[in-house]
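Inspection log for the structure reproduced underneath, given as structure tokens.
Please treat every number below as a calculation from the coordinates, not as lab data. What you see is a predicted model, and the numbers here were worked out from it, not measured in a lab. With ideal geometry, Cβ positions are generated from the backbone for all residues, glycine too; neighbour counts draw on all protein chains shown.
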Amino acid sequence: MPRLEELDREIVACRRCPRLVAWCEEVASVKRAAYQDDDYWGRPVPGMGHDPRIWIVGLAPGAHGANRTGRMFTGDRSGDWLFAALHRAGLASLPTSTARADGQRLSGVRITAAVHCAPPANKPTTEERAECAHWLREELSIVESRLHVILPLGGIAWAAATSILRQAGWRVPTVRFGHGAEAEAEAPSGRRVAVLGSYHPSQQNTFTGRLTEAMLDDVLGRARQLAGFPAVAI
């Protein structure tokens, strides 16, 4: 999709939030000891994937994950969990995502985020989330015609996704976020898209067992079903 490629270039060039720009650049300069030889990305991270039927919305890039590699959910534990599950679901070509040139490909999926810059302590401010919502709205306008499922990862992503839908004139019922929560959003045209919730594959959630592989597999299986993909054995 040429429009998505243009959007991604605009996102990478964004400098709307000075605190986030400064933090991304500082992290890229100081680096983590384990990655001293890496050339950090250190900029806003664009989405990954084209022509999606399933649109995955995360929170924000990790400081030493996507902010290092330049690709969403790539190079950290959260990404390890997400891409392994996507591969099991037949939606990713590889079970790992380590670098932009690793050959990873998504099938019918695009991954984006509520905030495109890595925030200090993984906590963007309310103002930063509102500022970055501009990009999420732009992305929705490009992908909505093919979209069947929006899959926010975590409560902040759920709030961001439902908010930009309503701003775009969609009717979205008020459904409390939770793992496996579902809401049916209706566009002004009458077209309907499922909003399906999942806990974020953060270390806090996966280490404590709040999110298990089976839970993530179940949600992705449901997303496949809602998107009209053939069932796969997981």
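In units of the compact-protein estimate 2.2 N^0.38 Å, segment 149-234 shows a Cα radius of gyration of 1.14.
With a ≥ b ≥ c the root eigenvalues of the C-alpha gyration tensor of segment 102-145, is it rounded (a/c under 1.5), prolate (a/b larger than b/c) or oblate? Present the calculation step by step, with values, prior to reporting the outcome.
On the way: a/c = 3.94, a/b = 1.39, b/c = 2.83.
Verdict is oblate for segment 102-145.
If you plug the beta carbon distance of Thr126 and Ala33 into 1/(1 + (r/R0)^6) with R0 = 35 Å, you get a FRET efficiency near 0.60.
Give the percent of DSSP beta bridges with both residues in the chain that are antiparallel, rounded to the nearest 5. All intermediate terms of the calculation are to be shown ahead of the outcome.
On the way: 8 of 20 bridges.
Percent antiparallel among DSSP bridges in the chain is about 40.
Only one of [x] 48, 37, 35; [y] 72, 49, 29; [z] 72, 35, 33 was calculated from the structure for Cα extents along the principal axes in Å, and its label is [x]. Remark: the Cα gyration tensor places segment 16-86 in the oblate category, a/c being 1.5 or greater and a/b not exceeding b/c.
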